[in-house]
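Quick notes on the structure that follows.
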Amino acid sequence: MSNVVSYQIVDNIGVISVNNPPVNALAQVVRAGILEAVTAAQSDATDALVLRCEGRTFIAGADITEFGKPPQGPGLPEVLGAIENSVKPVIAAIHGTALGGGFEVSLACHYRCAIASAKVGLPEVKLGLLPGAGGTQRVPRIAGVKVALDMIASGNPIAAEKAKALNLIDEVVAGDDVQAGAIAYAKELVASGAPLKRIRDITIDPATVEPGFFEAARKQLAARARGQIAPDRIVSCIEAAVGQSMDAGLDRERELFMELVTSPESAAMRHIFFAERQAAKIKDLPRDTPLREVKKVAVIGGGTMGGGIAMCFANVGIQVVMVEINDEALARGLGIIEKNYAITMKKGKLTEAQVAQCMGAISGTTDYADLADVDMIIEAVFENLELKKEIFAKLDAVCKPGAILASNTSYQDIDAIAAATKRPQDVLGMHFFSPANVMKLLEVVRGEKTADDALATAMAIGKKIGKVCALSRVCYGFIGNRMLGGYGRESQMLLLDGCTPAKVDAALEGFGMAMGPLAMGDLAGLDVGYKAREGRTDLPNDPKLYRMGTVLVEMDRFGQKTGAGFYKYDPATRARMNDPEIEALIKSEAAALGVEQREVSDQEILERCLYPLINEGALILEEGIAQRPSDIDVVYVFGYAFPAPKGGPMHYADHVGLKNVYDKICEFRDRYGEEYWKPAPLLEKLAKEGKTFAQWGAEQEQSLR
Ligand code: 3HC
Ligand code: NAI
């Protein structure tokens, strides 16, 4: 037997234990070990078998690192077949999370029990896949097609009690000791002569499925697919479970699983899965860097960002005090938080008691002296360097030694802010994204003098409040906003070249962006960019640059907040509508600037908007602002809603081919000038060497070892 799967007999029950840390993924050794143990147990003296796991969780799925590599037997279907055909009952004993292939293993067992804290789920869709070991066939057989579709298309885990109510598991055992509970349950089953329940023997009568159910599901899922093909294939698999034999359904599932596992969409989503975890690791910081204790947090400024940031901490039970300039502003800030919680409660995401608990964790003050006992301060006042410096000097005077002083600034120089204190080692950036209580990304900005333990603490606290953290060094706009410059610029240039706002946005939304760049500008407020440009001296002196954004602001069309920007907005529904007046205005501005309008293809729109992201990303890598290409992908997927099935800008560039990207950028340079299109040296080098950013990133990691 493999050394990761062991077998022992306890009171006539054979206990098969998997021990493959960290998450007991179904690597080849695990599959082989389970198969061997189940086969051997058929002829021993036990009455039943319990399948359980060591460590923090039941099997959390197939080993994702094995996808794309040559398969090594035994395959999962063979293991599941041995379990299902066992002559004695096999009982899955679930703790932690039984996910993907792990839950599918349990579905091949005759019975499933779990402790109350356990969860079960089929998250494959989040990797651009579908459950490939019978999940799409067994779940509809025991829980019905609707539950199966909800569970598999959402990928969300289900807690034990609910899973029992849905018939996904048979028993919730008392206490925390899943092995003891499962053995007791197994004995009960043996004593009562419980049958060998095989889910494969159930057939689903087509008459029990509402007519049109699958067509409606397909339509609904397509509307939010954003380039994902897995949801559609999931519907097809569940459809194949209805009225057909298990084997026919499994064949269909295998066929579609193979299609997905070799698709670029799934490769991109698996890349993001690992990139997210990798981003949490700081290259030159040992994993055991000590952390500072964070029990109480202060947020300075209760505006758009401050309120959301306060909620992030309150949601996980950390005390937070909000600081504002006067009682009125404080009351407004706290009021917005209260309103946000009320909306969350209405949606059924939090109970009244939970909201009360969160609100109870938030207090307010207008007196900086009240910050003497806080462990971490996050400043979120207006975007003004002098004001921020003033505030950090004040914090330096009142905060206890070792308190972490963070700024949520979007663009300002963290080192200049740190220099306003006598403790620059405690200063760093914690850049949240709007709305801060919703968006997953947190850019943690490392200043020149930031101490290792302050940085490690910021990353750890980010994870604790449910954020995906990515590290940036100091530069204008850090990783995300710095890269956005060319994206916004080109989206406006394309208007002068002959596109309508709707055409530009449709091309990028077709690519999978949640919202096109011009609609995004309207949402964020065109005045914000306008003001930011006013203070910049480094921009080319070109009347075409941001022309339409400037004209719109000067017409008081700031975007959604004024009811009009690139588009008009319905006052009641906020629905965006094309505005013929703006389309005509674009034409006349182009004529005034001597730009000859032409038909622009969707392909060109994508290249002109997306390639600046890639080029700036390459510069950011060369300058050491980002640690690795995959960190940039994490920033874009979690902070800017870049479509995960495209894997982030750097992964997408690798997919397109760096030579193709480089050649196109050279073509644009020749057409539009070097001040806008200058290929990054790293991009040029890799394109000429025929390499990818991923290869370059791996070489960099290797050179550190
Ligand atoms: N395969 C390989 N490695 C995995 C893995 C998997 N299925 N799941 C997690 N890991 C690795 C992570 O990469 C990470 O590695 P690192 O320490 O080197 O960075 C380590 O395990 C710990 O993972 P987390 O940091 O995510 O640990 P958490 O405790 O925060 O979360 C978890 C645990 C909830 C199990 C989470 O890891 C998770 O969601 N894993 C993926 C589950 C999944 O998607 N399963 C389906 C796989 S596809 C499948 O099963 C196909 C089948 O239908 C045929
Ligand atoms: P905002 O204008 O909504 O709120 C700022 C708040 O700070 C106001 O309520 C103001 O009363 C308060 N304030 C001003 N001076 C103060 C002082 N001395 N002490 C205490 N409170 C004070 O601004 P917003 O949008 O929340 O931005 C805050 C910061 O977050 C800025 O640095 C901005 O660049 C950054 N940011 C903004 C994002 C956004 O989408 N709005 C996204 C990410 C970062």
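No lab work stands behind these numbers, since they all come straight from the coordinates. As the structure is a computational prediction, the values presented were derived from the model and not from experiment. Quick reminder, even Gly has a Cβ in these numbers, built from the backbone with ideal geometry, and neighbours come from all protein chains shown.
Does region 143-152 contain at least one residue that is away from ligand 2 (no atom under 16 Å from the Cβ) and over 21 Å from Ile199 (Cα atoms)?
no
When you go through Ala416, Ala397 one by one, which is the residue that is under 22 Å from Gly477 (Cα atoms) and part of a helix (DSSP H, G or I)?
Unique residue meeting the criteria: Ala416.
Before we move on, is Ala470 crowded, with 23+ Cβ neighbours inside 10 Å, within 16 Å of ligand 2 (Cβ to nearest atom) and within 30 Å of Lys678 (Cβ to Cβ)?
yes
Look at region 395-449 and say how many of its residues are crowded, with 18+ Cβ neighbours inside 10 Å, over 20 Å from Asp633 (Cα atoms) and aliphatic (A, V, I, L, M).
So the answer is 11.
Among the residues of region 198-237, which ones are assigned to a helix (DSSP H, G or I) and under 23 Å from Arg270 (Cβ atoms)?
Our first condition is that a residue be assigned to a helix (DSSP H, G or I); within region 198-237, this holds for 199-201, 206-208, 213-223, 230-237.
Listed by number, the residues that qualify are Leu221, Ala222, Ala230, Pro231, Asp232, Arg233, Ile234, Val235, Ser236, Cys237.
Please note which helices (runs of 4 or more DSSP H) are completely contained in region 517-613 and include at least 3 residues that are surrounded by 20 or more Cβ atoms within 10 Å (Cβ to Cβ).
Filter on region 517-613 gives 517-524, 547-554.
Would you check if Leu371 is within 14 Å of ligand 2 (Cβ to nearest atom), hydrophobic (A, V, I, L, M, F, W, C) and surrounded by fewer than 19 Cβ atoms within 10 Å (Cβ to Cβ)?
no
Take the conditions small (Gly, Ala, Ser) and in contact with a strand residue (DSSP E or B) (Cβ under 6 Å, 6 or more places away or on another chain) and apply them to Gly101. Does it pass? Working first, answer last.
Values: small (Gly, Ala, Ser): yes; in contact with a strand residue (DSSP E or B) (Cβ under 6 Å, 6 or more places away or on another chain): yes.
Against the criterion (small (Gly, Ala, Ser) and in contact with a strand residue (DSSP E or B) (Cβ under 6 Å, 6 or more places away or on another chain)), Gly101 qualifies.
Scan region 110-169 residue by residue and report those that are closer than 26 Å to Ile64 by Cβ, among the charged types (D, E, K, R) and in contact with a strand residue (DSSP E or B) (Cβ under 7 Å, 6 or more places away or on another chain).
Residues satisfying the conditions are Arg112, Lys119.
Taking region 54-109 as the region of interest, how many residues are assigned to a loop (DSSP other than H, G, I, E, B), among the β-branched types (Val, Ile, Thr) and farther than 23 Å from Phe273 by Cβ?
The qualifying residues number 1.
It is to be established whether one or more residues within region 301-323 are surrounded by fewer than 19 Cβ atoms within 10 Å (Cβ to Cβ) and within 16 Å of ligand 1 (Cβ to nearest atom).
Within region 301-323, one or more residues are surrounded by fewer than 19 Cβ atoms within 10 Å (Cβ to Cβ) and within 16 Å of ligand 1 (Cβ to nearest atom).
Name the residue, out of Ile465, Ile404, Ile479, that is β-branched (Val, Ile, Thr), within 30 Å of Arg671 (Cβ to Cβ) and more than 11 Å from ligand 2 (Cβ to nearest atom).
Numbers: Ile465 fails: within 30 Å of Arg671 (Cβ to Cβ); Ile404 fails: within 30 Å of Arg671 (Cβ to Cβ).
Checking each option against the conditions leaves just Ile479.
Does Leu330 satisfy the criteria of being surrounded by fewer than 20 Cβ atoms within 10 Å (Cβ to Cβ) and assigned to a loop (DSSP other than H, G, I, E, B)?
Here the answer is no, as Leu330 does not meet what is asked.
Please find, among Gly249, Gly243, Gly308, Gly227, the residue that is within 16 Å of ligand 2 (Cβ to nearest atom) and touching a residue at least 24 places away in the same chain (Cβ under 8 Å). If you could, list the steps in order and put the result at the bottom.
On the way: Gly249 fails: within 16 Å of ligand 2 (Cβ to nearest atom); Gly243 fails: within 16 Å of ligand 2 (Cβ to nearest atom); Gly227 fails: within 16 Å of ligand 2 (Cβ to nearest atom).
The unique qualifying residue is Gly308.
Can you name the residue in region 504-534 that is more than 24 Å from the chain's Cα centre (by Cα) and of a type in the set (A, V, I, L, M) and is also farthest from Ala641 (Cα to Cα) among such residues?
Ala532
When you scan region 60-67, do you find a residue that is surrounded by 24 or more Cβ atoms within 10 Å (Cβ to Cβ) and hydrophobic (A, V, I, L, M, F, W, C), even just one?
There is at least one residue in region 60-67 that is surrounded by 24 or more Cβ atoms within 10 Å (Cβ to Cβ) and hydrophobic (A, V, I, L, M, F, W, C).
Quick check on this structure: which one of Leu606, Leu585, Leu619 is closer than 19 Å to Glu490 by Cα, out of contact with any Gly (no Cβ under 7 Å at 6 or more places or on another chain), free of Cβ contacts under 8 Å to residues at least 40 places away in the same chain and of a type in the set (A, V, I, L, M)?
Result of the check over Leu606, Leu585, Leu619: Leu585.
Can you pull out the residues in region 285-298 that are over 27 Å from Ala310 (Cα atoms), more than 10 Å from ligand 1 (Cβ to nearest atom) and either crowded, with 18+ Cβ neighbours inside 10 Å or free of Cβ contacts under 8 Å to residues at least 60 places away in the same chain (or both)?
Pro286, Asp288
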